[in-house]
Amino acid sequence: MADTLAGQHVLITGGGSGIGFASAVAFVADGASVSIVGRNAEKLERAAAELAVPDRVHVFTGDVGDESQLAAIVTAANEIAPLTVALANAGTGDIAPLMVTEDDNWQKVLQTNLAGTFYTFKHAAKAIAKAGGGAMCAISSIAGVRTHRFMHAYCVSKAGIDMLVRTTADELGVAGIRVNSVCPGLVDTEIAKGLFAHEQVHQDYLDCMPLGLSVDGGHHLRRGPDYEPISNAAFGADITRGIV
């Protein structure tokens, strides 16, 4: 086990599974302490047990889309040890044609993905600045830089995250805080299970990846995958094609 990050304390939202948990594994392996955040207490406890370093893993249950909850979590985590890194990873999404996208779904995705990242940056930045500086990162998506039909809220939220990262980096560089985003392509996580399960859509993803590796496999060079088969099945061919 390396100790290149010994003394660092990392806040990871959505840390109970997927990219967040994988990031926690990497941070812990390099000697950092992690505070993992999520809405599902059981999932977080399983993740903490799997990380197997109880003295360097802390669990906080809460909704990143609720600013008061997120602020309280940051305060509590910072009291354990000064935060020096924040990873805004928590996210959600769904698929629906524009004309039948429900407002509740639109608001949920924007609140969790974009507002949740904003709240994480806003409150973690205060702690990190007081610690003398550090780093913040957001997990964006290929969907933030390439259109993905039928994923309006998700695409908008991720594009918003990338601009939030730019403005935050521009503002907080003077405080010694580096701010970046990562834009993965298709990753085998809970949120993407349906995409892996649908053979036609999964294959279209692969067809859009000229390299088949790297964080997005070169996907940004091409287009978003074709979700039309999923929309057809869920909403019908007419509304999928804009026929009302």
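The values are calculated or read from the model by the stated rules, or taken from the named source; none is laboratory data. Since the model is a prediction, treat every value here as computed from it, not as a measurement. With ideal geometry, Cβ positions are generated from the backbone for all residues, glycine too; neighbour counts draw on all protein chains shown.
Collect the residues in the range 217-244 that are touching a residue at least 40 places away in the same chain (Cβ under 8 Å), outside any helix (DSSP H, G or I), closer than 18 Å to Thr147 by Cβ and more than 26 Å from the chain's Cα centre (by Cα), keeping them in residue-number order.
Gly242
Can you tell me which residues in the range 34-43 are more than 13 Å from Leu87 (Cβ to Cβ) and either in contact (Cβ under 8 Å) with a residue 24 or more places away in the chain or in contact with a helix residue (DSSP H, G or I) (Cβ under 6 Å, 6 or more places away or on another chain) (or both)?
Arg39, Asn40, Lys43, listed by residue number.
Provide a single number: the residues in the range 75-117 that are surrounded by fewer than 17 Cβ atoms within 10 Å (Cβ to Cβ), part of a loop (DSSP other than H, G, I, E, B) and either touching a strand residue (DSSP E or B) at 6+ places or on another chain (Cβ under 8 Å) or not acidic (Asp, Glu) (or both).
Within the range 75-117, residues that are surrounded by fewer than 17 Cβ atoms within 10 Å (Cβ to Cβ), part of a loop (DSSP other than H, G, I, E, B) and either touching a strand residue (DSSP E or B) at 6+ places or on another chain (Cβ under 8 Å) or not acidic (Asp, Glu) (or both) number 2.
Any residue that is among the acidic types (Asp, Glu) and under 30 Å from Phe235 (Cα atoms) - is there at least one of those in the range 37-44?
no
So Ile139 fits all but one of (1) at pLDDT 95 or above; (2) out of contact with any strand residue (DSSP E or B) (no Cβ under 8 Å at 6 or more places or on another chain); (3) under 23 Å from Ala24 (Cα atoms); what number is the exception?
The number of the failed condition is (2).
For the range 163-191, enumerate the residues that are in a helix (DSSP H, G or I), farther than 23 Å from Asp226 by Cα and not small (Gly, Ala, Ser).
Those that are in a helix (DSSP H, G or I), farther than 23 Å from Asp226 by Cα and not small (Gly, Ala, Ser): Met163, Leu164, Val165, Arg166, Thr167, Thr168, Asp170, Glu171, Leu172, Val174.
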